[in-house]
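Have a look at the structure below, then the notes.
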């Protein structure tokens, strides 16, 4: 990976060392050793970035759609060239296994760029409704706060629609995974994004995140992270009555109906949960199966989980790397111990470190069975390689268990009858329902009900989060109407 500018911010199209930056070590979770050092920014750095973003907005908001399409195509071309650098950064900063980093971690970001180009080619920024013109305009300066678990994907979900809409932005990546964001800034710089349109300020949530959320010069704050942090962002943003988009936590249920292929359903579920070491907010971490299939489901799940290779993320043979940081390791292992104390049965895994991995934040892929819906491990987002299997008596109970959560990000239904599965899917309280584990759809809206967030990402839905709607009534001749 080419040299990255780890101790600088990117503001006004140039790299600047912060005057009062506080050193912060970026820890490689596979070794528990520093792999880089950044300088955390201050509220003054945010002020500087907002000031240049507002200046750049005057011109960029008036740029043509054709120019913005050309800009996204340039970003896409350079992103493709920098895929190895992005993948290496994510392996170092958050432990993504080599093949997973080069595959889904990098690939989802590229998919969002390509999708947004297609959306922008056909998007109606102006349309007539009777005698009224409906115009969609850029919301203004966007504050973007992105997480550590899917770094490139979540940067793409925010930066790319902001560019497509004609917004300028100030971006704070997670201080735990900042290296991929630096590569992204280099990509945008090389693609010719005008100075001041994209600005990167490294920092923590308490200082830089709060400054972005509360800043009167920012018109929209777009955040992905925990529900707890999202509430803080929304509270801070409320003082300036700015728009807020929040993509937050999840505890998604997968209902396996009695007519489903149990082996296929359970295998697909385990694979989906354990990918990215369980650190995916929409993962189906609650597997609901009929009572009489619970034992067999647990056997299959344990067999699939035990076959996964847990180890060095730089090794191409590794399926699962570590969880991304020390705090996450402590949380996941604590919740596993709590599940055992609550009376859930371990089908495989557990809280003890893997014997062959004495260093690093490695958690064995863990499956609990005979889990009651009210247990902590069935209600709290664990965000690690942990699956809970919950038995149900009938379809109505399964739906009730699935909906008995403060979250509503995603849901899943498995059935041999797709019409039956769809009837169940329509009763689930979640923003995105998948039937029989379909291929990922980067154009379908992504976002949640309840405490899983506000707003939607992906495709045209993501673009519209960055647009204001204006009605221009009258002023047209009868012939034009």
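Failed condition for residue 175, given (1) part of a loop (DSSP other than H, G, I, E, B); (2) over 17 Å from residue 199 (Cα atoms); (3) in contact with a helix residue (DSSP H, G or I) (Cβ under 9 Å, 6 or more places away or on another chain), with all others met?
(2)
Filter region 286-304 for residues that are touching a strand residue (DSSP E or B) at 6+ places or on another chain (Cβ under 6 Å) and either under 28 Å from residue 449 (Cα atoms) or crowded, with 23+ Cβ neighbours inside 10 Å (or both) and give the result. Walk me through how you get there before you give the answer.
From region 286-304, those touching a strand residue (DSSP E or B) at 6+ places or on another chain (Cβ under 6 Å) are 286-289, 291, 294, 297-298, 301-302; that's our starting set.
If the condition is that a residue be touching a strand residue (DSSP E or B) at 6+ places or on another chain (Cβ under 6 Å) and either under 28 Å from residue 449 (Cα atoms) or crowded, with 23+ Cβ neighbours inside 10 Å (or both), then 286, 287, 288, 289, 297, 298, 301 are the ones that fit.
Can you confirm whether region 422-441 contains a residue that is modelled with pLDDT of 95 or more, assigned by TED's automatic domain parsing to the domain that holds residue 272, assigned to a loop (DSSP other than H, G, I, E, B) and farther than 19 Å from residue 252 by Cα?
no
Tell me, yes or no, whether region 200-207 has at least one residue that is modelled with pLDDT of 95 or more, closer than 23 Å to residue 440 by Cβ and within 21 Å of the chain's Cα centre (by Cα).
For region 200-207, residues modelled with pLDDT of 95 or more, closer than 23 Å to residue 440 by Cβ and within 21 Å of the chain's Cα centre (by Cα): absent.
If you take the residues of region 362-398 that are touching a strand residue (DSSP E or B) at 6+ places or on another chain (Cβ under 7 Å) and farther than 28 Å from residue 324 by Cα, which of them is surrounded by the fewest Cβ atoms within 10 Å (Cβ to Cβ)?
Here the residue is 370.
Please work out if residue 161 is at pLDDT 95 or above, part of a loop (DSSP other than H, G, I, E, B) and not assigned by TED's automatic domain parsing to the domain that holds residue 279.
So residue 161 does not fit the description; no.
Looking at 190, 211, can you tell me which residue is buried (at least 24 other Cβ atoms within 10 Å of the Cβ), in contact with a helix residue (DSSP H, G or I) (Cβ under 7 Å, 6 or more places away or on another chain) and either assigned to a loop (DSSP other than H, G, I, E, B) or in contact (Cβ under 8 Å) with a residue 24 or more places away in the chain (or both)?
Values: 190 fails: buried (at least 24 other Cβ atoms within 10 Å of the Cβ).
Sole residue among the options that is buried (at least 24 other Cβ atoms within 10 Å of the Cβ), in contact with a helix residue (DSSP H, G or I) (Cβ under 7 Å, 6 or more places away or on another chain) and either assigned to a loop (DSSP other than H, G, I, E, B) or in contact (Cβ under 8 Å) with a residue 24 or more places away in the chain (or both): 211.
The conditions are (1) farther than 25 Å from residue 103 by Cα; (2) touching a helix residue (DSSP H, G or I) at 6+ places or on another chain (Cβ under 8 Å); (3) buried (at least 21 other Cβ atoms within 10 Å of the Cβ), and residue 421 fails exactly one of them. Which is it?
So residue 421 meets the others, but not (2).
In the list 154, 129, which residue meets the criterion of being surrounded by fewer than 15 Cβ atoms within 10 Å (Cβ to Cβ) and either touching a strand residue (DSSP E or B) at 6+ places or on another chain (Cβ under 9 Å) or closer than 29 Å to residue 237 by Cβ (or both)?
Testing whether each residue is surrounded by fewer than 15 Cβ atoms within 10 Å (Cβ to Cβ) and either touching a strand residue (DSSP E or B) at 6+ places or on another chain (Cβ under 9 Å) or closer than 29 Å to residue 237 by Cβ (or both) leaves just 129.
Quick check on residue 319: is it surrounded by fewer than 22 Cβ atoms within 10 Å (Cβ to Cβ) and out of contact with any helix residue (DSSP H, G or I) (no Cβ under 9 Å at 6 or more places or on another chain)? I'd like the intermediate steps shown before the answer.
Details: surrounded by fewer than 22 Cβ atoms within 10 Å (Cβ to Cβ): yes; out of contact with any helix residue (DSSP H, G or I) (no Cβ under 9 Å at 6 or more places or on another chain): no.
When the stated conditions are applied, residue 319 does not pass them.
Identify the residue in region 123-138 that is under 24 Å from residue 59 (Cβ atoms) and free of Cβ contacts under 8 Å to residues at least 24 places away in the same chain and, among all such residues, is farthest from the chain's Cα centre (by Cα).
Taking region 123-138 first, the residues under 24 Å from residue 59 (Cβ atoms) are 123-126, 133, 135-138.
Next, from what is left, pick out any that are free of Cβ contacts under 8 Å to residues at least 24 places away in the same chain: 124, 126.
Details: 124: 27, 126: 30 Å.
Checked region 123-138; the qualifying residue farthest from the chain's Cα centre (by Cα) is 126.
Which of the residues belonging to region 321-356 are within 10 Å of residue 384 (Cα to Cα) and not in a helix (DSSP H, G or I)?
322, 323, 324
The values are calculated or read from the model by the stated rules, or taken from the named source; none is laboratory data. Predicted model, so just to flag it, every value in this text is computed and none were measured. All Cβ positions, even for glycine, are placed from backbone atoms using ideal geometry, and neighbour counts span all protein chains on display.
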